[in-house]
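Below is one structure; the comments refer to it alone.
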Amino acid sequence: MRIGSHERSEATIPTASMADIAFLLIIFFLTATIFSIDKGLRIALPEPQEKVVIKSENMIKIDIDAEGLVTVDNEPVALEDIREVVTGKLEERPEAVITIRTHPQSAYENMINVFDELKLANATRISFAPGRRQSEEGG
Amino acid sequence: MMRLPPRRGVRATIPTASMADIAFLLIIFFMVSTVFRTEQGLKVFLPVAEATERLPRRNIVHLWIAADGQISVDDYTVNPSQVRGIVALKLTENPNLIVSLVADRRTRYRVVSEVMDQLREALALRVSFTTKFER
């Protein structure tokens, strides 16, 4: 008895929707992605034991009061002029250490604005003086 | 009137065979670059600074300080006096740690100063003030 030759059915995987699946996954990852780039102003804090006494003639003293008014070596300076003033002072005394003393009630932003200006003036030796101690603070 | 011979339309096709390949390539890119958000943090308005620089992506611990002085690390609200212990613990796990202070621009400087003192005592000396770059 002869069996009629039956046609072989071809096995196929449908790939038409593959791209759809892939794009769906793309959209998921696109929305889930946060490019976590941290940005900021870097600073190295001094060691806790370190209490370097800086001679007052070797120090550029910057004070920020509660309202955000800035004085450089006891002279009031506008925020925009800090860069210029500090650059000038650093040319005279390249070894000088800049001490920023901020009033405890002052807004954090005021300190950052001054610190930003100092960074732009290429000042590298910067220290933050706490309000209670006066002229002793390592940088 | 002249009769034009019936034109045979050329079938325009866009090859779609490589579409899936392109899509998978993009998937792999996004899979690799995705970092799922791990902490909620606090709502802060960052101060603006021109000298803002990029920080390395690894070795960073965020320390959030809200405008009212609330401090948060790893989504736990902590007291200023607890910062030292937490940061010291993290520092033993990773000695190259950078502490990123994500503080609100209106925060009183007293809080920031206290936190910086705590960081110094914990010997976490590599600190960064997170700022927003703007000209």
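The values are calculated or read from the model by the stated rules, or taken from the named source; none is laboratory data. All figures in this text were calculated on a predicted structure; none of them were measured in a lab. Keep in mind that these areas ignore ligands, DNA and RNA; they rest on the heavy atoms of the full protein, side chains included. Shrake-Rupley method; radii C 1.70, N 1.55, O 1.52, S 1.80 Å.
Numerical summary
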{"item": "Candidates B:E121, B:E50, B:E39: whichever shows maximal mean-square fluctuation once chain B is modelled as a Gaussian network with Cα springs under 10 Å", "result": "B:E50"}
{"item": "Cα long-axis angle, helix B:83-93 against chain B (0 to 90 degrees, to the nearest 10)", "result": "60"}
{"item": "Evaluated at q = 0.21, 0.23 Å⁻¹: base-10 log I(q)/I(0), Debye formula over Cα of the range B:1-117", "result": "-1.26, -1.39"}
{"item": "Cross-link table A:K89/B:K43; A:K55/A:K119; B:K43/B:K90; A:K119/B:K43; A:K61/B:K43, entries beyond 29 Å C-alpha to C-alpha", "result": "A:K89/B:K43; A:K61/B:K43"}
{"item": "Residues with amide H under 5 Å from that of A:I60, placed H, sequence gap 5 or more", "result": "A:V97, A:I98, A:T99"}
{"item": "Fraction of antiparallel bridges per DSSP, the protein assembly as shown only, in percent to nearest 5", "result": "50"}
{"item": "Protein accessible surface hidden between B and A, which excludes ligands and nucleic acids, total in Å², probe 1.4 Å", "result": "4600"}
{"item": "Listed residues B:T92, B:T77, B:T107, most fluctuating in chain B (Gaussian network, C-alpha, under 10 Å)", "result": "B:T92"}
{"item": "Percentage relative contact order, the range B:48-133, counting C-alpha pairs under 8 Å, at least six apart", "result": "39"}
{"item": "In sequence order, calculated HN-Hα J values of the range B:75-82 (Karplus, 6.51, -1.76, 1.60; Hz; x Gly/Pro)", "result": "6, 10, 7, 10, 7, x, 6, 8"}
{"item": "Rg in Å to one decimal, and Dmax rounded to a whole Å, for the protein assembly as shown via C-alpha atoms", "result": "30.0, 116"}
{"item": "The range A:56-129 - percent of accessible surface contributed by carbon and sulfur, probe 1.4 Å", "result": "45"}
{"item": "Most mobile listed residue (B:A103, B:A20, B:A51) in chain B, GNM with C-alpha springs under 10 Å", "result": "B:A20"}
